[in-house]
Each structure stands twice: as structure tokens, then as C-alpha cells.
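Data first, discussion second: the structure below is written as C-alpha cells.
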Amino acid sequence: MKNEWMYEKVKERMLRYAKVDTQSSRTSQTTPTTAKQFDLAGMLFDELREIGASEVYLDEEHCVVYGKLPPTEEALSAPAHALGFVTHMDTAPDASGTDVRPWVLENYRGGDIVLNEEEGIVMEEAVYPQLAQYVGQDLILTDGKTLLGADDKAGIAAVMTAAEYLCLHPEIRHGLVSIAFTPDEEVGGLAKDLDLARFASPVAYTVDCDWLGYYSDETFNASDALLTVRGTSVHTGTAKGIMVNAAEIASEYIAMFPQDEKPQNTEGLEGFFHLVAVKGDCEEAMVWHIVRDFDSGHFAEREEMLLGFAERLRAKYGAERIDLEIRPTYRNMKEVIDTVPHTVTLLEEAFHAAGIAEPVRLPFRGGTDGSALSHRGLPAVNISAGYENAHGRFEFVPVQSMEKNAEVLLCLVEAYMRRTDAG
Ligand SMILES: [Zn+2]
């Protein structure tokens, strides 16, 4: 009965949210990066009020939606029983989010899936072998022309449904459950405008990993770096002894990077340097790259290495010609999560209670809003939302994964309610 209710609720919500275009922008300088994210923010604001959440608030300046389920009794008002959920409203700029037409393939039988008959767009099992594990389930799919946006609307659907369930069942005891929906995660927003005082929970979970049953308490340390080379351009016929070719110096710099420490040659806990873009000519050249490592010590060594490369070029061509700017972007959340180990043990407990016997903990080879939130003082482990093939036209989410996810969140709230080991 409960499961049927949850199934219908998460499905209806995902289909409704998917149709709202909330694509964020990498180039915009506004907050949020696209005004259309307010369309979903407004919907979620209304919905939180309808389900009976308290202190529902829409921050009109930063496009953040808040809501709370207050503790059900005085005895549960201690911070030890409080937890929060943070999910993002935007979708990735990598694929179109306009005119999304989600549809449900019931009882998937296995094999290829025709997404768009007219245009011959097919999701092939050979290319996406993970399809096999969803045989018998009901898949929400795209028409092959846009992304689905289950990243992270599947997360929002699960959080909203779990919250509604708690509102409808006042007999279920719990501490504070705080909810926030944020913009611009996909473009490095890092939930920077989430007001921690308003959020009021000492810990949180982002619900934004992909396949069901996976979570992550570890992310990269990350920085961006920009090398600028100033050359001297002169006619090639009279260049001898005068010309300094900035583009060539940029190539020299790129060649210094260790060949085996690139994204295409690394996995697991290995870090890397990644060349993002190069632009240049004889007069001026710029090299953008990013540095990633899980280990803080190794990360610092990588940054030192870059500075060393730039120093070699300065010594060779003159200090005035070479600038290297390194900008930190986010840090591994693990060192913060390790100070609140219950955020992981209670999550494992919740997975087990919801029937997921072997949840998988994986270091996330990227950053999440949780990396930044953790270092701002809100430890935030990342739980899967259930989607697959995010950021592309073959994105999909099984309804059963979202339904199970809502159950995991309810079990987590219950685990915090039962908590006795801290004040
Ligand atoms: Zn996401």
C-alpha cells in the first residue's frame, strides 16, 4: 500500500518536473545563471506548502527554496536527531533541456529501446549494458532529443515524496527534517547561496549520485589553472632574434604534463591534470587546465609541479612573459565527513532497512555541492538519486529506483530519530 502510493507519487512528480526547463548556463554571470530555474522553484515552493511543510521560503534573490518538517516532539528537538536534504533544480548545459517529453516504458523486457520512431533514435543495449539490470521495471525515458533531467529531479521527487509521507503520517516520530532545493549545481554553483542558518540542520545529504544503492563521502580536491604567455610578434621575414612565439611556449608547457596522469589514463583514487582549452597565436597564448586529486598532500604536490613548470619557462623566456594563476574550486569532503562518522553509519543502516543489503560506497571523481557545503560547515554525504546516463539524450530513471530511494530517505529519518549516541 505504502509502496504503491510512493510509486505513483515519485512517477507523477518526475514526469511533471522533467517538463520544466531549468537548464543552467556556464557563461552567464547572473544569480541564478538562468532565470527559468525560478519556474521550478516556484512550483516546489507551492508544493512544500501544499504537503504541509513549515517555514517554507523562497529566496527570491538567490533562487533557493527551503522547507522544514519540525520535530514531532520536544524530546526529539536535539540537533543529534536533525538531518537535511539538498537537491539541485538545474539541468546540465551539455544537452538540451527545452521541450523535454518524458514517457514511461512499463515493464521493460530487455533489448534496445526506440526513443524516437520518427527520427530513428534508439538506445542500444550493447552501448548501455546497465539496461539489463532494469528488466521488469518501468523506465522514464526521453524522446531522444533532450536530456531527461532526472539529474537531479529524481532526487527532488524522492525528497518531496518522503516529506509528504511524513506529513501524512504524524504518528511517525522524527527530529528536524530540513529541505533545500538549490540552483546551478551543474555549473559549479556549489550551493554557495544556501543559508546555513535558515537550513538549521547540522548535517545534510545531497541526493545526487546516479544508480540506486550507491553513495559517496569523498570527492576530489580541485583547482583551475590558467597560464598566460606574452610573446613578441614580428614579420616572419625579419623575425630572427626578435620573435618570441607565445603559442609555441604554450605547447612546450603542455608537453611537460605527465602523460599517464590524464583523465583518459586514470581511474579510482588516481588524480590527474586535464587540459581544458588552449587559445593563442604568436603574440599571446592561454592554457586552461584543471587539477584533481583525492589526497590533499598529493594535490598540493600537483600544484607545486605546475608552479615548477611555469618557473622553468620564466627562467628560459623571462619572468615578464609568463603568468600562472591557480584558483581553488572545491575540496575533498572526506576530511569533514570523517568528523561526523554517524552520517555514514546511519546511511548504511537506512539502506539495509530499505532492503538494499550491499550499498556501494565510491569516491566520486568530481565535485558536488556537498564538497563545498561540507567545508562551509554542513557535512553532506551524497546519496544516489537513481538516474542513469546523466547529462545526455539517453538519460533515464527507473520509477522503482526513485520509489526505493524515497524509502531509503524515510529509513534515514528514522535512524536519526533512534539516535542516542550524541546530544
Ligand atoms: Zn546532479
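Structure values in brief
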read-out: Every residue from segment 392-418 that is part of a loop (DSSP other than H, G, I, E, B) and farther than 28 Å from Glu335 by Cβ; value: Gly392, Arg393, Phe394, Glu395
read-out: Tally, over segment 331-375, of residues that are under 28 Å from Ala80 (Cβ atoms), within 16 Å of the ligand (Cβ to nearest atom), surrounded by 20 or more Cβ atoms within 10 Å (Cβ to Cβ) and of a type outside the set (Val, Ile, Thr); value: 7
read-out: Considering residues of segment 211-235 that are farther than 30 Å from Glu320 by Cβ and not in a loop (DSSP other than H, G, I, E, B) only, the residue farthest from the ligand (Cβ to nearest atom); value: Asn221
read-out: Unique match (being in the same structural domain as Tyr205 (by TED's automatic domain parsing), closer than 18 Å to Glu388 by Cα and free of Cβ contacts under 8 Å to residues at least 24 places away in the same chain) among Glu124, Glu118; value: Glu124
read-out: Residue list for segment 188-210, restricted to those being of a type in the set (A, V, I, L, M, F, W, C), away from the ligand (no atom under 13 Å from the Cβ) and closer than 23 Å to Val408 by Cα; value: Phe199, Ala200, Val203, Ala204
read-out: Some residue of segment 393-403 being within 16 Å of the ligand (Cβ to nearest atom), among the hydrophobic types (A, V, I, L, M, F, W, C) and within 28 Å of Pro79 (Cβ to Cβ); value: no
read-out: Candidate set: segment 358-369, residues that are outside any strand (DSSP E or B) and modelled with pLDDT of 95 or more; chosen: the one nearest to Gly188 (Cα to Cα); value: Pro359
read-out: Residue within segment 113-121 that is assigned to a loop (DSSP other than H, G, I, E, B), within 16 Å of the ligand (Cβ to nearest atom) and either touching a strand residue (DSSP E or B) at 6+ places or on another chain (Cβ under 6 Å) or of a type outside the set (Asp, Glu) (or both) present; value: no
read-out: Output for segment 308-349, where each listed residue is over 30 Å from Val244 (Cα atoms) and without any contact (Cβ under 8 Å) to a residue 40 or more places away in the chain; value: Glu335, Asp338, Pro341, Thr345, Glu348
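One line per residue, one yes/no per condition, for (1) under 22 Å from Lys9 (Cα atoms); (2) surrounded by fewer than 24 Cβ atoms within 10 Å (Cβ to Cβ):
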{"position": "Cys167", "(1), (2)": "yes, yes"}
{"position": "Ile172", "(1), (2)": "yes, yes"}
{"position": "Ala180", "(1), (2)": "yes, no"}
{"position": "Glu185", "(1), (2)": "no, no"}
{"position": "Gly188", "(1), (2)": "no, yes"}
{"position": "Ala191", "(1), (2)": "no, no"}
{"position": "Asp195", "(1), (2)": "no, yes"}
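The values are calculated or read from the model by the stated rules, or taken from the named source; none is laboratory data. Source: prediction; values computed, not measured. Using ideal geometry, Cβ is built from the backbone for each residue, glycine included, and neighbour counts are taken over all protein chains shown.
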